[in-house]
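Engineer: If you scroll down you'll find the structure; I have some questions about it.
The values are calculated or read from the model by the stated rules, or taken from the named source; none is laboratory data. Everything numeric in this text was worked out from a predicted model, so none of it was measured. Glycine gets a Cβ as well: all are built from the backbone with ideal geometry, and neighbour counts include every protein chain shown. With ligands, DNA and RNA removed, areas are computed over all heavy atoms of the protein, side chains included. Shrake-Rupley method; radii C 1.70, N 1.55, O 1.52, S 1.80 Å.
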Amino acid sequence: MERELEERRERETRIRHDSIVEESLPLQETPLWQCEHYQWRCSVKFPCCGVFHPCHRCHNLSGTCPADEKAHHATHVKCGNCGLEEEINEGSQNCRRCGLKLSEYFCPKCKHFTGVDKNPFHCEKCEICRIYKDRSFHCDVCNVCLDKRLKGKHKCRPNSGHDECCICLEDAFSGCQILPCSHKVHRECAIAMIQNGVRNCPICCHPLYGQLRQ
């Protein structure tokens, strides 16, 4: 009986010791991202439903809320390591409680968290975050960021960066691809258009290939 009591006391002592050691260790960073869309270690909440989602795209695809949210609509962020929830502000790149760096890139203006592999940057003229800073320039006539290969080689129309995508008819400003005729499409819509055999602009019927007439 005495031996059993002694073994029990030793087990309880070990459990208490392990618990103290575990609590004293710093919380560890995890390399796992919250979703497939962005490289970050957090989730965000939107005012429409008040539920945390891995990102705004996950929110829109969830089917649980009818609202179509953008990243800048998020109000709160939750750390993927310790679970701290707080309002998104200038210091939200790092968790205030455990110190975890939630993403390598963070823009407090757009409330955008992501990795740096696509060289993201905030364009002050577009007033949104773009990718591939080393490959882009802002056309002041079209009023949109374009591929550098189009600099001086595209047909400008004033403020055409705010055109609707001529395929899906949604705003093309955040994912613009410019056609030779200057009309804008989303990259995914342009790929689908070519894959389905479309060879002319759906708006003006200008060929998608070849040089513009001067």
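Engineer: Within the stretch 32-66, how many residues turn out to be open to solvent by 70 Å² or more (accessible area, probe 1.4 Å), in a helix (DSSP H, G or I) and of a type outside the set (A, V, I, L, M, F, W, C)?
Structural biologist: 1
Engineer: Still on this structure, I have one more. What are the residue pairs meeting all of these: first residue in the stretch 146-157, first residue within 19 Å of SER174 (Cα to Cα), second residue open to solvent by less than 100 Å² (accessible area, probe 1.4 Å) and assigned to a helix (DSSP H, G or I), Cβ atoms under 6 Å, and 6 or more apart or on different chains?
Structural biologist: From residues that are within 19 Å of SER174 (Cα to Cα), there are no pairs.
Engineer: A further question on this structure: Spot the failing condition for ALA190; the list is (1) in a loop (DSSP other than H, G, I, E, B); (2) among the small types (Gly, Ala, Ser); (3) closer than 21 Å to CYS205 by Cβ, and only one is missed.
Structural biologist: It fails just one condition, (1).
Engineer: Now for a different question. Of the conditions (1) outside any strand (DSSP E or B); (2) modelled with pLDDT of 95 or more, HIS122 clears all except one; give me its number.
Structural biologist: Of everything listed in (1) outside any strand (DSSP E or B); (2) modelled with pLDDT of 95 or more, HIS122 misses just condition (1).
Engineer: Is there any pair linking a residue in the stretch 75-97 that is modelled with pLDDT under 95 to one that is open to solvent by less than 30 Å² (accessible area, probe 1.4 Å) and of a type in the set (Gly, Ala, Ser), with Cβ under 8 Å and at least six apart or on different chains, and which?
Structural biologist: GLY80/SER43
Engineer: Same structure, new question: Just the residues that are out of contact with any Phe, Trp or Tyr (no Cβ under 9 Å at 6 or more places or on another chain) and either open to solvent by 40 Å² or more (accessible area, probe 1.4 Å) or free of Cβ contacts under 8 Å to residues at least 12 places away in the same chain (or both), please, taken from the stretch 103-133.
Structural biologist: Result: PRO108, LYS109, LYS111, ASP117, HIS122, GLU124, LYS125, GLU127.
Engineer: Select from the stretch 190-214 the residues that are at pLDDT below 85 and loosely packed, with under 11 Cβ neighbours inside 10 Å and list them in ascending order.
Structural biologist: Answer for the stretch 190-214, where residues must be at pLDDT below 85 and loosely packed, with under 11 Cβ neighbours inside 10 Å: TYR209, GLY210, GLN211, ARG213, GLN214.
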